[in-house]
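Comments concern the structure below.
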Amino acid sequence: MPNCMRSRHVVAGQVQGVGFRPYIYRLARELGLAGWVQNTPAGVVIEVEGAPEALMAFARRLPVELPPLARLLSQSTATIPATGETGFGIVPSAPGTGHAVLISPDTATCPDCLADMADPAGRRHRYPFTNCTNCGPRYTITRRVPYDRETTSMACFPLCPACAAEYNDPGDRRFHAQPNACAACGPAWWLADRQGTVLARGDAAIQALAQALAQGQLAAVKGLGGFHLVCDAGDDAAVALLRRRKHRPTKALAVMVADLAVAERLGQVDAAARDLLAGAVRPICLLPLRPGSGLAASIAPDVAEIGVMLPYTPLHHLLLADFAAAVGPGRLPALVMTSGNLGGDPICLGNREALARLGGIADVFLLHTRDILVRTDDSVVRPLNASEAAAAGTSAMFLRRARGYVPSPVALARSGPAVVGLGPMLKATICLTKGDQAFVSQHIGDLESLSAMQFYRETLDHLLGVLGVSPQLCVADLHPDYPSTHYALEQDRWPVVRLQHHVAHIHAVLAEHRITQPVLGLALDGTGLGEDGTLWGGECLLVDPSALTHKRLAHIAPMALPGGDAAVREPWRIAQACHFTLGRQLGDGLPWPWLPAHAGAARVVEQMLQKNINCPVTTSCGRLFDAVAAALGLCLTIEYEGQAAIRLERIQDVSETRPYACPVVGAGEPAVLDTLTLYDQVASDAARGVPPGCVSRRFHLGLVEGLADLAQAMARRAGIRHVALSGGVLQNRTLAVALPAALQRRGLQALVHRRLPSNDGCISLGQAAFGSMLAR
Ligand SMILES: [Zn+2]
Ligand SMILES: [Zn+2]
């Protein structure tokens, strides 16, 4: 061919197991180009030859017409001598252990696969493991890279001739779909009782499961990243039984429904919520609850939100359809789907493990033979409506980042040596960097048991394996007693750097925004060990992510925690400590809400406060919410982290517009935001009988204005406009929306989390971003 040219492209990213090579094959053939495409350790290599304009069209279209699951992280192009090659081919993968290729997150069943399952004449009619290159399991079934059938839990299922033909045909939707399977060759599934005795197999198993659920039984269902505990969400008795057996009296439970129409019966579904609910990830979405939805009242007693998700595996689609048929049109077709674990343990993975650990909870078990290799919980996201999103600076707030988002990386501002952030103690994650990419693990949970630490180590080893990096150092929390800190200090693979908890929070926001200049940070959080030995958590920090310096400019008013951890579990102790500091004495005749139930303990606490015995000091904003909730009698002792703040937020009377005063005091450094004065107004109004909803609203508004005033004063002093917001307290919807807006009114720009939770799930990212910069 005259005037023929040839070019070579090397692309890296999420380009294996996502239909990338067939895509290149079709694009090259459509443009009449010769050449080949190949998976190699460095990424996917493509050589194309033909007319210059066709080569240009190829280069232009390649990154913009990608298959749904493909993501490019880098692409290099070079012109090379033409060879006169004719035809285009996919050449076999080059051997080697390269790691330029990312595994895709797990992805919800695509419409084409649902159509296959709905076709009574098709080979995959009602087959619960149907998938293709555009959908299905990935991360949870992958042992290591390169991503090939042999390195997944599908290795033990040889393809039947029909599936093999699809797998080997570049024109087929299942070309190189590693989890490809059908009823003839793929995983088997069955229903068992708690002894493991088979009750039904195959299609009959799912119908029998639906019947059992409709009759009020509890089930354990093996899913994508672990087991779910499942029951009829409209059946009060079944939900109460699940709560009793799972030892989870009040914390909200998530539900699964078949489609958007049912979701809209349960909660308010705005545009952002619709996209998240019905998209390819399908997290649990927290929706404002619609009254009279027909859900059991005990599903979410503390909150005005309901966690809803749509089916994301073929098995879920079949189960929801069969359940709707079993209950008939008169009842709500919704199922409680909560992590299959007991207390704070990690989610169950294996069939035998589930029978052993969940045998005391579930009546029946839906089991199958496809192993889950990587424990991954459902992600939890709160979509915001349009006006909230405009104020908050994000369309959705992450509460838990796991299935469907992991292992997608966060792009850092600068490239650096590989490092690992080892996370905190609660809501732990791990983060590994590679070049300018930061890979945050799935939510691991609270590191409070041996099984949780086992999961922690598994996750770290898996992430190291799939990324193929050798970290230069690790970053751990300043707190010496966190199990993650113990891990850091006991291992001898990497040098250890320690980073203060709330400084890590701010680094995490900066990493998401790729900010390299100094900013102001407001860390509004539970307690974390501070650099002065007290417990921080309501901090205004000046953080320079390039110089890696920080300074504590201000904090909220210190409070005592009588009994230390006991005060975290019993917020009334903190309320009494605030009362004490304000000169309110036990026996002042005012109606302290905790006295009826805790009179004896309150006298002991009074003595502890007078003698300053076992009363560690904290500036935690989370503990301030606890104290206020207790002062209003809303929550004297907690069952789960954040419960008091959740109740306090819920009761707000939003018609109230007058904030309590919350002044900045002290010209020195650190300055103090006088939240004790804020608390004093709460206590006085509560004693006067002002309705709690009104008090709660004035408290929220006062805190927002106080924090914004503080930021304004400190920003002026430091000559800075950007204010990074992080910490668990920002999971409070009111604060997350109102605080950025209040900063904006003062000419400041808020930086908020968009891809990670503001709670401690983001700590490992902040640690890793800091470490990567330090190791440069
Ligand atoms: Zn599909
Ligand atoms: Zn097959």
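The values are calculated or read from the model by the stated rules, or taken from the named source; none is laboratory data. Fair warning: this is a prediction, and the values are worked out from it, not measured in the lab. Positions of Cβ are backbone-derived with ideal geometry, glycine not excepted, and every protein chain shown enters the neighbour counts.
Report, by residue number, each residue of the range 452-491 that is polar (S, T, N, Q) and either touching a strand residue (DSSP E or B) at 6+ places or on another chain (Cβ under 9 Å) or part of a helix (DSSP H, G or I) (or both).
Residues satisfying the conditions are 454, 459, 472, 484, 485, 491.
Does residue 574 satisfy the condition of being crowded, with 20+ Cβ neighbours inside 10 Å, β-branched (Val, Ile, Thr) and in contact with a helix residue (DSSP H, G or I) (Cβ under 6 Å, 6 or more places away or on another chain)?
yes
Among the listed residues 575, 547, 567, 560, which satisfies the condition of being closer than 29 Å to residue 243 by Cα and small (Gly, Ala, Ser)?
That would be 567, the only listed residue that is closer than 29 Å to residue 243 by Cα and small (Gly, Ala, Ser).
Which residues, taken from the range 105-131, are within 16 Å of ligand 2 (Cβ to nearest atom) and either in a loop (DSSP other than H, G, I, E, B) or at pLDDT below 95 (or both)?
Answer for the range 105-131, where residues must be within 16 Å of ligand 2 (Cβ to nearest atom) and either in a loop (DSSP other than H, G, I, E, B) or at pLDDT below 95 (or both): 119, 122, 123, 124, 125, 126, 127, 128, 129, 130, 131.
Criterion first (away from ligand 1 (no atom under 16 Å from the Cβ), touching a strand residue (DSSP E or B) at 6+ places or on another chain (Cβ under 6 Å) and either assigned by TED's automatic domain parsing to the domain that holds residue 180 or free of Cβ contacts under 8 Å to residues at least 40 places away in the same chain (or both)) does residue 142 satisfy it?
yes
Among the numbered criteria (1) over 40 Å from the mean Cα position of the chain (by Cα); (2) surrounded by 17 or more Cβ atoms within 10 Å (Cβ to Cβ), which one does residue 44 miss?
Going through the list (1) over 40 Å from the mean Cα position of the chain (by Cα); (2) surrounded by 17 or more Cβ atoms within 10 Å (Cβ to Cβ), residue 44 breaks only (1).
May I ask you to verify whether residue 298 is over 15 Å from residue 257 (Cβ atoms) and either assigned by TED's automatic domain parsing to the domain that holds residue 230 or assigned to a helix (DSSP H, G or I) (or both)?
Considered against the rule, which asks whether it is over 15 Å from residue 257 (Cβ atoms) and either assigned by TED's automatic domain parsing to the domain that holds residue 230 or assigned to a helix (DSSP H, G or I) (or both), residue 298 comes out as yes.
Return yes or no: is residue 399 in contact (Cβ under 8 Å) with a residue 60 or more places away in the chain, surrounded by fewer than 23 Cβ atoms within 10 Å (Cβ to Cβ), outside the structural domain of residue 109 (by TED's automatic domain parsing) and in contact with a helix residue (DSSP H, G or I) (Cβ under 9 Å, 6 or more places away or on another chain)?
Against the criterion (in contact (Cβ under 8 Å) with a residue 60 or more places away in the chain, surrounded by fewer than 23 Cβ atoms within 10 Å (Cβ to Cβ), outside the structural domain of residue 109 (by TED's automatic domain parsing) and in contact with a helix residue (DSSP H, G or I) (Cβ under 9 Å, 6 or more places away or on another chain)), residue 399 qualifies.
Of the residues 524, 553, 609, 541, which is outside any helix (DSSP H, G or I), more than 30 Å from the chain's Cα centre (by Cα) and of a type in the set (A, V, I, L, M, F, W, C)?
553
If the requirement is being within 28 Å of the chain's Cα centre (by Cα) and in a strand (DSSP E or B), which of these qualifies: 723, 737, 672?
That would be 723, the only listed residue that is within 28 Å of the chain's Cα centre (by Cα) and in a strand (DSSP E or B).
Does the range 111-126 hold any residues that are within 12 Å of ligand 1 (Cβ to nearest atom) and touching a residue at least 60 places away in the same chain (Cβ under 8 Å), and which are they?
Result: 112, 113, 114, 117.
For the range 632-669, which residues satisfy the criterion of being within 29 Å of residue 446 (Cα to Cα) and outside any loop (DSSP other than H, G, I, E, B)?
643, 644, 645, 646, 647, 648, 649, 650, listed by residue number.
For the range 740-776, which residues satisfy the criterion of being among the hydrophobic types (A, V, I, L, M, F, W, C) and either in a strand (DSSP E or B) or farther than 29 Å from residue 495 by Cβ (or both)?
Answer for the range 740-776, where residues must be among the hydrophobic types (A, V, I, L, M, F, W, C) and either in a strand (DSSP E or B) or farther than 29 Å from residue 495 by Cβ (or both): 741, 742, 743, 748, 750, 751, 752.
Return the residue satisfying two criteria in turn: it lies in the range 145-155 and is farther than 22 Å from residue 43 by Cβ and touching a residue at least 24 places away in the same chain (Cβ under 8 Å), and of such residues it is nearest to ligand 2 (Cβ to nearest atom).
Among residues in the range 145-155 that are farther than 22 Å from residue 43 by Cβ and touching a residue at least 24 places away in the same chain (Cβ under 8 Å), the one nearest to ligand 2 (Cβ to nearest atom) is 154.
Would you point out the residue of the range 145-158, among those that are in a loop (DSSP other than H, G, I, E, B) and either farther than 10 Å from residue 179 by Cα or touching a His at 6+ places or on another chain (Cβ under 7 Å) (or both), that is nearest to ligand 1 (Cβ to nearest atom)?
147
Restricting to the range 184-203, count the residues that are touching a residue at least 12 places away in the same chain (Cβ under 8 Å), surrounded by fewer than 19 Cβ atoms within 10 Å (Cβ to Cβ) and aliphatic (A, V, I, L, M).
Of the residues in that region, 3 qualify.
If you go through the range 450-459 one residue at a time, do you hit one that is in contact (Cβ under 8 Å) with a residue 40 or more places away in the chain, surrounded by fewer than 21 Cβ atoms within 10 Å (Cβ to Cβ) and of a type in the set (Asp, Glu)?
Yes, the conditions are met somewhere in the range 450-459.
Out of (1) assigned to a helix (DSSP H, G or I); (2) under 25 Å from residue 373 (Cα atoms), the odd one out for residue 182 is which?
(1)
Can you name every residue in the range 166-220 that is small (Gly, Ala, Ser), closer than 16 Å to residue 350 by Cα and more than 16 Å from ligand 2 (Cβ to nearest atom)?
192, 196, 219, 220
I'd like the full set of residues that are within 16 Å of residue 316 (Cβ to Cβ) and under 19 Å from the mean Cα position of the chain (by Cα), limited to the range 243-302.
Of everything in the range 243-302, those that are within 16 Å of residue 316 (Cβ to Cβ) and under 19 Å from the mean Cα position of the chain (by Cα) turn out to be 254, 255, 256, 277, 278, 279, 280, 281, 282, 283, 284, 285.
Looking at the range 186-204, can you tell me whether even one residue there is part of a helix (DSSP H, G or I) and not assigned by TED's automatic domain parsing to the domain that holds residue 326?
For the range 186-204, residues part of a helix (DSSP H, G or I) and not assigned by TED's automatic domain parsing to the domain that holds residue 326: absent.
Could you grab the pairs with beta carbons closer than 8 Å, sequence gap of 6+ or different chains, first residue in the range 157-174 and in contact (Cβ under 8 Å) with a residue 60 or more places away in the chain, second one more than 8 Å from ligand 2 (Cβ to nearest atom) and of a type in the set (Phe, Trp, Tyr)?
170/25
So residue 591 clears everything in (1) on the phi > 0 side of the Ramachandran plot; (2) in a loop (DSSP other than H, G, I, E, B) except one condition, right? Which one?
Result: residue 591 fails condition (1) only.
In this structure, does residue 510 turn out to be closer than 24 Å to residue 539 by Cα, in a strand (DSSP E or B) and hydrophobic (A, V, I, L, M, F, W, C)?
For residue 510, the condition - closer than 24 Å to residue 539 by Cα, in a strand (DSSP E or B) and hydrophobic (A, V, I, L, M, F, W, C) - is not met.
In the set 699, 770, which member is touching a strand residue (DSSP E or B) at 6+ places or on another chain (Cβ under 9 Å), of a type in the set (A, V, I, L, M, F, W, C) and touching a residue at least 24 places away in the same chain (Cβ under 8 Å)?
That would be 770, the only listed residue that is touching a strand residue (DSSP E or B) at 6+ places or on another chain (Cβ under 9 Å), of a type in the set (A, V, I, L, M, F, W, C) and touching a residue at least 24 places away in the same chain (Cβ under 8 Å).
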